[in-house]
Every structure is written in structure tokens, then in C-alpha cells.
Amino acid sequence: MRTHSTIAAIIVAAACAVGMPSGQAASLDAGKTSYNGNCASCHGPLIAPYSAAQIRDAIRRNKGGMAILSALSDAELQNIAAYLANPNGNDSDRLFNWAEGAAPSLLSPRAASQSAAGYYLRHYSDTNVYLATQNGRVYYYDANKPANGVVDLGSISDWLAQAGL
Ligand code: HEC
């Protein structure tokens, strides 16, 4: 359970740390806001992932009356597409950013988020460890100790609450 005590140390150390928003987190947040403002009234809280080009195409074809959205910029559609591909990514990014600030020697160097094997994750190349999220839960993997496997650290919402994010 060494991994759990490491993580407990992160939580304690992070009480004073401030997360740094990344560019990607900003665009996911913007995409969420834009989706909720422009799309949710017809499509509900979330739709499956679509590319910006597919959304533009639906607007051009006036699917379901979507021509009213023709003023949306390509950048906005890209933010929406990024959000649809990673609906929980903004929460994950906030959490990853915070953890990096709290445990800089373990989670080093600061890394970009990526999607792989069904996880949304960051790989820290100095230490060869991973922080990941999937289906609302946070995971940790130490590639130096594969026998430990992928460790479930609890729910994203509990972590966000503990971190005060
Ligand atoms: C006025 C209601 C309305 C709004 C607002 C709206 N949509 Fe739609 N959209 C629809 C309807 C209805 C359809 C299905 C039309 C059809 O199947 O012919 C559709 C179709 C689509 C499709 C194509 C699906 C496919 O299978 O081809 C995409 C992608 C899409 N919407 C994304 C969005 C996004 C993203 C937004 C916000 C930027 C949005 N829509 C806003 C009503 C709306």
C-alpha cells in the first residue's frame, strides 16, 4: 500500500498548492460553456463525439434547424469538438495540474493530457508514472512497479473536493 501513502502525501502537500490551468483545459472549459449555451437546448446534456467539420456540416445542412448557429467560429466548433471527445477532461486537467503542483518531484516534468486505452492520462517521463481518469475515477500507475498494477485512487469528484478545486 506504498502507493496509497504516496498519494496521501500528495493530498497533504497539495493543500497549499495552486493548480495552473493549461491551454487545453481552457479550451475544454470554453467548449463546455459553448455546448451548454448553443447545443444543449436541443441535444440535451451531452452528445457523442463529433469533429468540428461534422458539426459545421450539420450547420450547413440546417439539420434540425441548426443553421441558426452559422455564426459560430471554427475555433468555437473546435472547442466544442474537444469537449465532446473528453467531457470530463476539464475536471481531469484541473486535477492533473493541481497534482503536478503538489508533487513536482513525482509528477515530472509537467505533461500534456492524452487519450489512450480508454483512459484520459498524463505520463511523467522522468519518473515513468501515470495519472489517469476513466469513468469518473482517478488511477495511478507506476511503470517501474508493474506488479502493483493500475491503482484506483477514488472518484474524481472526491479529489476535486479534497483539493478545493
Ligand atoms: C435548434 C435545435 C438544435 C440546436 C441548437 C443544435 N442542434 Fe444539432 N441537430 C439537431 C437535430 C434535430 C439534429 C438531427 C437532424 C437530423 O437527423 O436530420 C441535429 C444534428 C446534429 C448533428 C449531426 C448528427 C448526424 O448524425 O449527422 C451534429 C453533429 C450536431 N447536431 C451537433 C450539434 C452541436 C455541436 C450543436 C451546438 C453547436 C448543435 N448541434 C445545436 C438540433 C439542434
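Cβ-Cβ distance of THR33 and ARG61, R₀ of 25 Å, FRET efficiency by 1/(1 + (r/R0)^6): the value works out to about 0.50. On a C-alpha basis, how far is the centre of the stretch 124-165 from the centre of the stretch 81-107 in Å? Whole number, if you could? Rounded to whole Å, the Cα centres lie 11 Å apart. Simple spin-label estimate for ASP158 and ARG137 gives 1.0 nm between the two label positions (7 Å along the Cα-to-Cβ direction from each Cα). Note on the stretch 27-85: Rg/Rh from Cα positions, Kirkwood definition for Rh, rounded to two decimals, is 0.91.
Rounded to the nearest 20 debye, what is the charge dipole size of the stretch 56-121 about its Cα centre when +1 sits on each Lys and Arg Cβ and -1 on each Asp and Glu Cβ?
Dipole magnitude for the stretch 56-121 comes out near 260 debye.
Highest mean first, the peptides 75-87, 50-62, 92-104, 143-155 sorted by other C-beta atoms within 10 Å per residue fall in the order 92-104, 75-87, 50-62, 143-155.
Grab the Cα-Cα distance for SER105 and CYS42, subtract it from 0.36 nm times how many residues apart they are, and report the gain in nm with one decimal. Write out the running numbers ahead of the final one.
Details: separation 63, 0.36 × 63 = 22.68 nm, distance 4.63 nm.
Once the chain is fully extended between SER105 and CYS42, it gains 18.0 nm.
Only the coordinates and a few stated rules stand behind these numbers; no lab work does. From a predicted model like this one, the values you see are computed outputs, not experimental measurements. Every residue, glycine among them, receives a Cβ derived from its backbone with ideal geometry; neighbour counts consider all protein chains shown.
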